[in-house]
Amino acid sequence: MDPLKHIRIVLVRPLYGGNLGAVCRAMKNMGLRELVLVNPSPDMDFSEAQKYALHAEDVLAERRQLDSVAEAVGDCAVVAATTGLKGLYRSHARTPRELAGRLLEAARDHRVALVFGPEHHGLSNEEMQFATHLLTIPSAPAYSSLNLAQAVMICCYELYTASAQWQPPKEFHPEAPVVMRERMFELWRQMLLDIKFCDNIKIDHMMMGFRRIFGRGYLSEADVNILMGLARQAMWSAARARETPSDR
């Protein structure tokens with residue numbers, strides 16, 4: 001079962017259609033679909049929201065609209081309310097990364113809600129009273145207020161990555177074994193001498209530098225073959241350059 005299907009994004013008193021559309025796009029990017037609006041602004045431009053949703057119009061179309069936070073989270077076992085403010089009763093707020101595992105664990109068997117306040121001042125104390133957890137997004141003190149859609153994206157991203165549904169692509173070619181690397185280093189050693197990049201006195205020191213460079217990351221068999229081909233071509237070109245005109 002995909003726990004992301006049990007996670008609900010709740011926007012309380014949202015103001016702008018552009019933000020609403022961008023929220024829908026962020027949700028779909030990260031595998032979330034359930035959106036609830038609580039008392040959106042009567043001036044909300046839903047045509048603008050549709051424009052900004054961009055291929056997430058289905059998330060926008062399936063939204064629900066309710067009159068209170070209590071209704072929006074009433075069936076949820078875990079509710080994370082977002083806050084950017086400090087204070088005695090908000091000091092236990094955790095970051096999206098810290099809370100992601102807990103929210104996903106709860107979402108395996110229960111409904112979970114992430115609640116976001118309006119763009120201009122966030123959630124009121126009354127709207128936060130239903131929260132089981134407080135969530136805050138780290139940001140620079142000089143300007144700590146985040147755009148609503150950006151805040152939703154950060155939270156959804158942390159949930160998606162913590163769900164382990166995405167795996168980085170694997171290297172197609174196997175890593176080069178030591179014997180293959182050593183053949184490459186021997187070719188490079190000879191190539192550096194042939195092109196007069198350095199002399200016999202400095203070659204050992206120079207090869208230590210190249211070993212360090214090539215040892216910093218994954219070096220596949222295909223990579224080594226390319227590097228050996230480069231060395232052979234350079235050696236061939238150096239030999240051609242040394243030929244006298246009468247030899248050609």
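Nothing in this text is a laboratory measurement; each read-out follows from the coordinates by a stated rule. If you're wondering where the values come from, they're calculated on a predicted model, not measured in any experiment. Here the Cβ is made from the backbone with ideal geometry for all residues, glycine too, and neighbour counts use every protein chain on show.
Worth pointing out:
- Fully extending the segment from Asp43 to Arg211 would add 54.1 nm, taking 0.36 nm per residue of separation and subtracting the current Cα-Cα distance.
- GluC sites (Glu not before Pro) lying in DSSP loop within the stretch 129-194, provided at most 16 other Cβ fall within 10 Å: Glu171
- Amide H contacts under 5 Å for Asp45: Gly17, restricted to partners 5 or more places along the chain or on a different chain, H placed in the peptide plane at 1.01 Å from N.
- Degrees separating the helix 96-107 axis from the principal Cα axis of the chain, which is the longest one: 60
- Taking amide H positions as modeled 1.01 Å from N, with prolines and chain starts lacking one, the residues under 5 Å from Glu34 and 5 or more places away or on another chain are Ile9.
- All aspartates and glutamates inside 17 Å of Lys28 as judged from Cα atoms, apart from same-chain residues fewer than 8 positions distant: Asp2, Glu57, Asp58, Glu62, Glu158
- Using alpha-carbon coordinates, inclination of helix 203-214 to the longest axis of the chain, degrees: 30
- Its residues counted as N, the chain yields a C-alpha radius of gyration over 2.2 N^0.38 Å of 1.62.
- Contact order relative to length of the stretch 25-112, as percent, for alpha carbon pairs under 8 angstrom and 6 or more apart: 29
- Applying 1/(1 + (r/R0)^6) with r as the Cβ-Cβ distance of Thr161 and Glu243 and R0 = 51 angstrom yields a FRET efficiency of 0.30.
- Averaging Cα coordinates gives a centre for the stretch 9-70 and one for the stretch 108-122; these two points are 12 Å apart.
- Sorted by Cβ density within 10 Å, fewest first, the residues Trp236, Trp166: Trp166, Trp236
- The alpha-carbon of Lys196 sits under 16 angstrom from the alpha-carbons of these aspartates and glutamates, leaving out residues fewer than 8 places away in its chain: Glu186, Asp204, Glu243.
- Cross-link partners of Lys170 among aspartates and glutamates, defined as those whose alpha carbon lies under 20 angstrom from its own and excluding same-chain residues fewer than eight positions apart: Glu221, Asp223.
- Viscosity 1.306 mPa s, 10 °C: Kirkwood-radius Stokes-Einstein D of the stretch 131-232 over Cα pairs, µm²/s: 87
- Three-way shape call for the stretch 178-247 based on the alpha-carbon gyration tensor, with the a/c threshold at 1.5: oblate
- Derived scalar couplings between HN and Hα for the stretch 123-136 equal 7, 7, 4, 5, 6, 8, 5, 8, 6, 8, 9, 10, 10, 10 Hz in order, rounded to whole Hz, by the Karplus curve 6.51 cos²θ - 1.76 cosθ + 1.60 (θ = phi - 60°), x for Gly and Pro.
- Degrees, to the nearest 10: 148-162 long Cα axis against longest axis of the chain: 60
- Taking every DSSP bridge with both residues inside the chain, close to 5 percent are antiparallel.
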